[in-house]
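The structure under discussion appears below in the form of structure tokens.
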Amino acid sequence: MVRSMKSMRRAKVRFNYSDYLQLPEDKRYEILDGELCVVPAPNIRHQRISRRLLLALTQHVLEMDLGEFLHAPCDVILSDENIVQPDLFLVRKERAAIIGKLNLRGAPDLVIEILSTGTRSRDLESKRKIYAVFGIQEYWVVDPEADTVEVLVWDETGYVSAGAYGKSDYLSSPLLPDLNLALVEIFED
């Protein structure tokens, strides 16, 4: 019996960490719930915002002796079928053991994603759900088009907003005591 092309279905291939290790190194990849995703290179504004956030937050975390901020590209292995490369992430010092020589094995305490055209829907939908499943305490969504940052805090039902901040605001974070981040400095052109 011959099946028509319409009735044939493609097998759903699920990728895992061992598959990930075999990928060519000419691109950045993530695996989200077993689905392989190519991560496009960020644009210059994205890079500038990322650098400014990293410098400001690293300084604050070091002064307060809270832990370590890291940035992409760096593999964060949440599970065998969930490997992500957040733009920025924090591991508090009491959990520093999850930082390995090659990657992070476990959920960071804070993840920051800077939206871009190529990753916007993935960051707002798929990754948000995955970060909630793995109990990442805070998830910041930085929108360079709107010059905003939303701080989301995890609870048993998912993420709830702890605040939305614009370019003229000072950002605070439940996870980072005494943080008073002037977003005008982050979003300057």
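Filtered by the rule that a residue be crowded, with 19+ Cβ neighbours inside 10 Å, in a loop (DSSP other than H, G, I, E, B) and free of Cβ contacts under 8 Å to residues at least 60 places away in the same chain, segment 163-173 gives no residues. Could you tell me whether segment 172-188 includes any residue that is modelled with pLDDT under 95 and closer than 16 Å to residue 54 by Cα? Yes, because at least one residue in segment 172-188 is modelled with pLDDT under 95 and closer than 16 Å to residue 54 by Cα.
If you go through segment 44-69 and keep only what is outside any helix (DSSP H, G or I) and either crowded, with 18+ Cβ neighbours inside 10 Å or among the hydroxyl-bearing types (Ser, Thr, Tyr) (or both), you end up with 66, 67, 69.
Taking the condition part of a strand (DSSP E or B), crowded, with 23+ Cβ neighbours inside 10 Å, in contact with a helix residue (DSSP H, G or I) (Cβ under 9 Å, 6 or more places away or on another chain) and hydrophobic (A, V, I, L, M, F, W, C), does residue 90 pass? When the stated conditions are applied, residue 90 passes them.
Do we find that residue 104 is crowded, with 18+ Cβ neighbours inside 10 Å and more than 16 Å from residue 151 (Cβ to Cβ) in this structure? So residue 104 fits the description; yes. Here residue 159 qualifies as among the hydroxyl-bearing types (Ser, Thr, Tyr) and buried (at least 17 other Cβ atoms within 10 Å of the Cβ). How many residues does segment 105-162 contain that are free of Cβ contacts under 8 Å to residues at least 24 places away in the same chain, within 18 Å of residue 37 (Cβ to Cβ) and assigned to a loop (DSSP other than H, G, I, E, B)? Count: 1.
The values are calculated or read from the model by the stated rules, or taken from the named source; none is laboratory data. What you are looking at is a predicted structure, and each value in this text was computed from that prediction instead of being measured. A quick note on method: Cβ atoms are made from the backbone with ideal geometry, for glycine too, and the neighbour counts reach across all protein chains shown.
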